[in-house]
Each structure stands twice: as structure tokens, then as C-alpha cells.
Amino acid sequence: MLTPEIIHHGAVDGVTGSCHQVILPDGRSILIDCGLFQGAETASDGASSEQLEIKFPVENVAALVVTHVHIDHVGRIPYLLAAGFKGPIICTEASAHLLPMVLEDALKVGFTRNQRLIDRFLQQIRRQIVSLPYKQWHEVVPGGGLNGATLKVKFAQAGHILGSAYVEVNVKQNRENHRILFSGDLGAPYTPLLPAPSSPYGADTLVLESTYGDRLHENRRERRRRLQVLLLRTLANRGSVLIPAFSIGRTQELLYELEDIIHRNRQKQAAPQVIWDDLDILIDSPLAADFTQGYLRLKAHWDREAKRRLSAGRHPLAFDQLTTIDSHATHLQTVDYLTKTARPAIVIAASGMCSGGRIVNYLKAMLGDPRHDLLFVGYQAAGTPGRIIQQYGPRGGYVELDGKRYDIRAGVHTISGYSAHADQNDLINFIDRMRRKPQHVRLVHGDEEAKQTLAMELRKRYREMEVRIP
Ligand SMILES: [Zn+2]
């Protein structure tokens with residue numbers, strides 16, 4: 001049979017804008033993800049964080065399959081609909097719950113504040129969403145026509161954020177099967193709250209993310225210990241610890257770990273004259289707060305450890321020390337208050353790469369004060385303010401925010417092990433545990449160096465495997 005064609009519309013030269021298309025010989029196709037570009041990253045058709053329209057034809061797109069609801073995987077869905085896509089949006093049950101929330105926010109930021117338009121759009125989205133349980137095949141393109149190939153999809157747990165999945169795509173033609181696997185974003189094993197991903201039986205072609213293809217994470221216990229040590233160190237001079245975090249996934253993971261640190265240390269000192277039990281932890285992001293509520297509603301999808309903590313009477317995502325800041329006015333007051341008083345506090349605010357959102361106001365107010373600290377817990381894409389601060393902050397550099405220059409005197413730290421992405425070992429293990437190894441591997445969703453390093457490792461290990469970097 002003819003191998004189905006795969007086109008990558010995004011996440012090729014970087015980690016954002018994920019969008020892949022599988023095209024059958026008769027021209028019918030499906031899309032896997034339809035995400036926003038961030039920072040300096042772009043696609044070959046000119047799409048970027050500024051140019052969002054869908055430039056490829058969508059008439060023959062039979063369905064959109066969503067791996068998970070991060071904005072760099074779903075953020076261009078409004079533009080896909082604007083381009084005329086009317087087909088099903090297939091995702092897992094938890095994603096079906098979270099997706100309208102993500103898109104509502106994306107619309108408010110990028111499209112319109114008109115609630116009637118937004119509601120109408122969301123109604124449309126809800127009509128198009130088809131939720132699918134894990135491990136269940138679903139026929140997307142039925143057979144028929146001259147070269148009538150059939151295409152079906154199946155989700156499996158990716159352990160990246162709640163509801164995340166990798167997708168198996170099976171194309172059957174003339175009794176022959178071709179299996180393509182899209183990893184989406186793969187989680188690391190032992191991600192708080194989430195069941196670990198397990199490998200599928202096998203695939204012919206694997207489209208694999210490679211965000212951390214050149215790095216190894218610390219293990220979970222070490223990471224939590226480092227988080228605690230770093231918090232103690234940064235809180236010692238009082239001041240705030242700012243943590244830029246994605247609203248979905250990492251914020252909830254962090255809360256989960258913070259609750260555990262508090263639980264273990266209650267009466268011990270967190271900062272001068274402040275015990276852990278009294279330390280303020282602020283979520284300054286309505287969206288992150290909404291998603292935390294979403295996570296709470298989806299407890300049934302949590303992993304065993306998280307459920308055990310619940311039944312022990314603990315509240316991993318809703319503990320006493322946690323305050324959610326809702327209105328913009330309260331947000332501005334909080335920035336002002338913490339800037340002036342340097343009262344010890346931990347602030348989690350989006351966006352995760354500092355390219356917008358409420359974290360920017362904190363940065364403008366606090367970057368110049370050495371009592372405050374900035375803690376990066378996630379990947380910073382090239383060209384984002386987060387990457388610039390991460391790179392130049394420790395050398396006493398500066399960053400431009402909204403066209404103005406801000407000197408960086410606050411402490412800048414990174415916990416590299418803290419991430420909702422698999423590291424090099426996890427990625428190799430994902431393949432290694434397949435009984436039938438893929439003959440073709442395409443590495444996407446990574447910086448050049450990460451992809452090259454991972455490609456080298458894979459070629460060394462599997463001589464028969466064709467490893468390509470599209
Ligand atoms: Zn993701």
C-alpha cells in the first residue's frame with residue numbers, strides 16, 4: 001500500500017504551533033492538533049505568533065484529533081473554524097471538558113471580548129467535540145471510493161497534563177495496515193496527579209516530540225527536595241518568589257508539590273518569622289484558577305497517589321494557604337503590595353514563558369529588586385521574554401517588556417527537572433518498550449540541538465530505524 005503522506009504545519013523549527021496532517025492517497029486527511037506559535041517560532045507557510053490564519057486547504061480535512069489542551073496544540077482552532085472546518089474535534093473525555101475553557105480564554109486574548117460571539121463560538125465547538133475514552137478505536141474516515149482507505153484513531157495515556165494522550169492512527173487499505181503514532185507531548189513518569197504513560201505495542205511510523213531530547217531530568221524526589229531548598233533560599237531574604245507557569249498542568253503540579261512540602265514541614269520556618277503553615281501561596285491567574293477547579297472536578301482521572309492523599313483528608317489542589325486572585329484590580333493591588341512590603345510569598349502566574357499575562361506586571365515591578373526571585377519550572381522557547389531573562393538575568397542583564405527596558409537584579413533560578421515533558425531517557429524508553437519498533441521516526445517539537453542529539457542516540461541504538469528531522 002502507499003504510505004500515507006504526513007505534512008507538518010508546525011512544531012518543526014521549535015516546540016510550538018503543533019499541527020500535523022495525515023493525507024490518504026485519495027486526498028482525504030485528518031489533522032493532529034492545531035496550535036499557536038509562540039515567541040520567534042514560525043512555520044514554513046509563514047504562520048507565526050503574528051500570522052495566525054490557516055493557509056492550507058481544509059475542505060478535505062475529515063477530523064481534527066487533539067492530543068491535549070495546551071494552547072500550542074489547540075490555540076489555532078478558532079482559525080481552523082474560520083477557514084471553514086466543520087468536522088469533528090476528537091479528544092479524550094477530560095480534554096473535552098477542558099477544551100472550551102482554553103478556547104474561551106484564547107478568544108478573549110486574540111479575537112474578541114464580545115461575550116455573545118464567544119458563547120456562540122463555544123456552542124459551535126461543543127457541537128463539534130467528540131470525546132473518546134482511552135484505548136478505544138474510533139473510525140474517522142470510512143472506507144469507500146476507488147482506493148478506499150479506512151482511517152481510525154485511538155488514544156492512550158500520555159501523562160503530560162490531565163486528559164493528554166498520544167494518538168495511534170491506523171490506515172487500512174487493501175487489507176494492509178499502516179500504523180502511525182503521534183506522541184503529542186509525552187509526560188515524564190511520576191508526574192504528580194497523572195498516571196504514567198505506557199508504550200503501545202508497536203507502530204510503523206512514529207512522530208515523536210523531542211523537547212528534552214538532549215537532557216535528563218532529576219527524579220521526582222530530588223526535584224521536590226530541590227524545590228524546597230530553593231524556596232527556602234529565595235524566601236530567606238524575604239521578598240516574593242515568582243513562578244511563571246502554564247495555567248494548565250504545571251500550575252496544578254506545582255500546587256500538588258507545594259501542598260506536600262507544607263504537609264511535611266507545617267511548623268518549620270519557611271521564611272524569617274513565617275512558618276510554612278502561614279506562608280501565602282497566590283495563584284494570580286483566573287484561567288489557572290479555573291483549570292485548578294477543572295482538575296478538581298476530574299478527580300476520577302487522577303493517579304493512585306493523588307487519590308490516596310484525598311482519602312487521607314488532604315486537599316492537594318485546594319489547601320488553606322492558597323489564595324486565588326480573581327479581579328484585575330486585586331491583581332494590581334497585590335503586585336503593588338508585594339513590591340512595597342517584600343512580604344514573603346510564592347506567586348504562580350501565567351504565562352509560562354512571560355510573553356503575556358499577569359506575570360508581566362510582577363516582572364516590571366519586581367525584576368529590579370534583589371529581594372525578589374524568579375523561578376522557572378518549564379521550557380522557555382527562543383525569543384520569549386522568559387528565555388531572555390533565564391539567559392541574561394544571572395549575568396545582570398536586562399529584558400524588554402512592552403518596549404521598555406528592565407534591568408534584572410532579582411534572583412533568577414531554574415529547576416530544569418521540573419517539567420511535564422519526558423526527558424531523553426523517557427523518550428528512548430517509550431520506543432524501547434514497543435514490541436514492534438517503528439521503521440520510521442520523525443522528530444518534531446524540539447530545538448535543533450535536542451532533535452540532533454536524540455536522533456544520534458536513536459540511530460546508535462536502532463540500526464534499522466530511519467530517523468528523520470523534517
Ligand atoms: Zn503540552
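Each reported figure results from applying straightforward, stated rules to the coordinates on display, with no laboratory input. Please read all numbers here as calculations on a predicted model, not as lab measurements. Don't worry about glycine lacking a Cβ; one is built from the backbone with ideal geometry, like all the others, and counts go over all protein chains shown.
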Can you show me the helix-derived [θ] at 222 nm for the chain, built from DSSP H runs with n ≥ 4 at -39,500 (n - 2.57) apiece and divided by the number of residues, rounded to the nearest 500.
-9500 deg cm²/dmol
Which of the GluC sites (Glu not before Pro) across the range 1-78 are loop residues per DSSP, with 11 or fewer other Cβ within 10 Å?
GLU50, GLU59
Once amide H atoms are placed 1.01 Å from N in the peptide plane, what residues at a sequence separation of 5 or more from LEU162, or on another chain, have their amide H within under 5 Å of its amide H?
none
In degrees, nearest 10, range 0 to 90: what is the angle between the Cα axis of helix 93-110 and the longest Cα principal axis of the chain?
70 degrees
Find how much the distance from ARG120 to GLU466 grows on full extension, using 0.36 nm per residue of separation minus their present alpha carbon separation; answer in nm with one decimal.
119.9 nm
Dipole-positive endmost among GLY249, ILE6, ALA306 within the chain (Cβ charges, Cα centre)
ALA306
With each pseudo-label sitting 7 Å past Cα toward Cβ, what's the TYR392-ASN425 distance in nm, one decimal?
3.6 nm
Residue separation between ARG175 and THR3 times 0.36 nm, minus their alpha-carbon distance, gives in nm 60.6 nm
Backbone HN-Hα couplings from phi across the range 133-139 [Karplus 6.51/-1.76/1.60, Hz, Gly and Pro as x]:
x, 4, 6, 10, 5, 9, 6
Where does each of 61-69, 303-311 land if you order them by average Cβ count within 10 Å, highest first?
61-69, 303-311
On a 0 to 90 degree scale, rounded to 10, what angle separates helix 115-128 from the longest Cα axis of the chain?
40 degrees
Where a label projected 7 Å from the Cα of ARG233 along Cα→Cβ would reach, residues of the range 378-415 with amide N under 12 Å:
411-415
Mind listing the long-range amide H neighbours of LEU206? Cut-off is under 5 Å, sequence gap 5 or more, other chains count too, H placed in the peptide plane at 1.01 Å from N.
LEU181, HIS440, VAL441, ARG442
Can you list the lysines whose alpha carbon sits under 27 Å from that of LYS172, skipping same-chain ones fewer than 8 residues off?
LYS86, LYS135, LYS152, LYS154, LYS437
For the chain, longest principal axis from Cα atoms; helix 220-236 axis from its Cα atoms; angle between them, nearest 10 degrees, is 30 degrees
Cα→Cβ-extended label distance, 7 Å offset, between ARG226 and ARG433, nm:
2.3 nm
Dipole of the chain (Lys/Arg Cβ +1, Asp/Glu Cβ -1, origin at the Cα centre): which of VAL102, GLY159, ASN265 lies farthest to the positive side?
ASN265
Once the Cβ-Cβ distance between ARG304 and GLU93 is put in as r, and R0 is 22 Å, what FRET efficiency do you end up with, to the nearest 0.05?
0.70
Within 10 Å of each residue's Cβ, count the other Cβ atoms and sort HIS445, HIS331, HIS70 from fewest upward.
HIS331, HIS70, HIS445
What chymotrypsin sites (Phe, Trp or Tyr not before Pro) does the range 125-166 have in DSSP loop regions with at most 13 other beta carbons within 10 Å?
TRP137
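Where does the chain land on the Kirkwood hydrodynamic radius, alpha-carbon pairs, in angstrom?
Result for the chain, one decimal place: 22.9 Å.
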Karplus ³J(HN,Hα) for the range 185-194 (6.51 cos²θ - 1.76 cosθ + 1.60, θ = phi - 60°; Hz, whole; x = Gly/Pro) runs 9, 8, x, 7, x, 6, 5, x, 6, 10
With R₀ set to 41 angstrom, the calculated FRET efficiency between the beta-carbons of ASN219 and GLN333, to the nearest 0.05, is 0.55
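Neighbouring Cβ atoms within 10 Å as the yardstick, rank ARG461, ARG76 fewest first.
ARG461, ARG76
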Percent RCO, i.e. relative contact order, over the chain, from Cα pairs under 8 Å lying at least 6 residues apart:
17 percent
Along the range 442-447, what does the Karplus equation 6.51 cos²θ - 1.76 cosθ + 1.60 (θ = phi - 60°) give for ³J(HN,Hα), rounded to whole Hz, x for Gly and Pro?
10, 9, 10, 6, x, 5
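Please work out how much length the chain gains when fully extended from LYS340 to ARG405, using 0.36 nm per residue of separation minus the C-alpha to C-alpha distance, in nm with one decimal. Let's see the in-between values first.
On the way: separation 65, 0.36 × 65 = 23.40 nm, distance 2.07 nm.
Gain on stretching LYS340 to ARG405: 21.3 nm.
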In nm, give the distance between the simple-model label positions of ASP26 and ASN60, each being 7 Å from the Cα along the Cα-to-Cβ direction.
1.2 nm
